[in-house]
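> Just passing along the structure, written as structure tokens.
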Amino acid sequence: MPRGGSKPGERRGGRQKGTPNKLSIGRMKAQLAVSAPEFDPYDQLEIIAKTFLERAHAEQRRDRPNMRLVYDLFDKAARVLRDLVPYKRARLTAMKVSGDEDAPLFNLSALSDRELAFLRRTILKAQQVDVD
């Protein structure tokens with residue numbers, strides 16, 4: 001009758017030889033953190049944009065520049081720079097001017113219906129002035 005169990009020198013189950021455990025994984029991560037600088041996607045985008053621009057300018061300086069390549073490189077740089085703009089410059093937002101409900105600027109309740117209608121027509125005719 002055959003006996004169960006492993007034969008002499010035979011391994012069953014458990015971790016395979018060479019498989020890292022938690023301690024060795026932690027050591028590898030610590031070593032990578034020390035040896036490799038932190039990856040900053042913003043810095044990488046800047047490098048990419050600068051590379052496209054430098055290549056476009058170098059192509060423009062040639063005797064017979066390939067303008068199709070120049071425009072393509074400028075287009076690629078513009079796409080990258082478009083992603084960078086929100087981090088460099090705040091987006092302008094429209095502001096809605098409104099008065100305080102508790103302290104209104106004007107009390108229109110004293111006006112008659114005729115006066116309110118005149119005021120409405122007058123305001124609708126008014127043109128916005130551009131200040132340059």
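> Quick one: residue 104 ticks every box in (1) in contact (Cβ under 8 Å) with a residue 40 or more places away in the chain; (2) assigned to a loop (DSSP other than H, G, I, E, B) bar one, so which box is it?
Only one criterion in (1) in contact (Cβ under 8 Å) with a residue 40 or more places away in the chain; (2) assigned to a loop (DSSP other than H, G, I, E, B) is unmet by residue 104, namely (1).
> How many residues does the range 12-28 hold that are among the basic types (Lys, Arg) and surrounded by 10 or more Cβ atoms within 10 Å (Cβ to Cβ)?
Start the filter on the range 12-28 by keeping residues that are among the basic types (Lys, Arg), which leaves 12, 15, 17, 22, 27.
Cutting the leftovers down to surrounded by 10 or more Cβ atoms within 10 Å (Cβ to Cβ) gives us 27.
Counting residues in the range 12-28 that are among the basic types (Lys, Arg) and surrounded by 10 or more Cβ atoms within 10 Å (Cβ to Cβ) gives 1.
> Continuing with the same structure: Can you tell which of 81, 69 is in contact with an Asp or Glu (Cβ under 6 Å, 6 or more places away or on another chain) and not charged (D, E, K, R)?
Details: 81 fails: in contact with an Asp or Glu (Cβ under 6 Å, 6 or more places away or on another chain).
Matching residue, one of 81, 69: 69.
> On the given criteria, is residue 104 out of contact with any Phe, Trp or Tyr (no Cβ under 8 Å at 6 or more places or on another chain) and farther than 30 Å from residue 120 by Cα? Don't jump to the end; show me each part of the working.
Details: out of contact with any Phe, Trp or Tyr (no Cβ under 8 Å at 6 or more places or on another chain): yes; farther than 30 Å from residue 120 by Cα: no.
No: the conditions fail for residue 104.
> Looking at 55, 64, 68, 91, can you tell me which residue is under 24 Å from the mean Cα position of the chain (by Cα) and of a type in the set (Lys, Arg)? I'd like the intermediate steps shown before the answer.
Working: 55 fails: under 24 Å from the mean Cα position of the chain (by Cα); 64 fails: under 24 Å from the mean Cα position of the chain (by Cα); 68 fails: under 24 Å from the mean Cα position of the chain (by Cα).
None of the others qualify; the one that does is 91.
> Can you list residue pairs whose Cβ atoms sit under 9 Å apart, with the first residue in the range 43-62 being closer than 19 Å to residue 87 by Cα and the second being crowded, with 17+ Cβ neighbours inside 10 Å and among the β-branched types (Val, Ile, Thr)? Count only pairs 6 or more apart in sequence or on different chains.
45/80; 46/80; 48/80; 49/80
> Go through (1) within 30 Å of residue 46 (Cβ to Cβ); (2) at pLDDT 85 or above; (3) surrounded by fewer than 10 Cβ atoms within 10 Å (Cβ to Cβ) and name the single condition residue 90 misses.
It is condition (2) that residue 90 fails.
The values are calculated or read from the model by the stated rules, or taken from the named source; none is laboratory data. Since the model is a prediction, treat every value here as computed from it, not as a measurement. Counting neighbours? That spans all protein chains shown, and the Cβs are built from the backbone with ideal geometry, glycine included.
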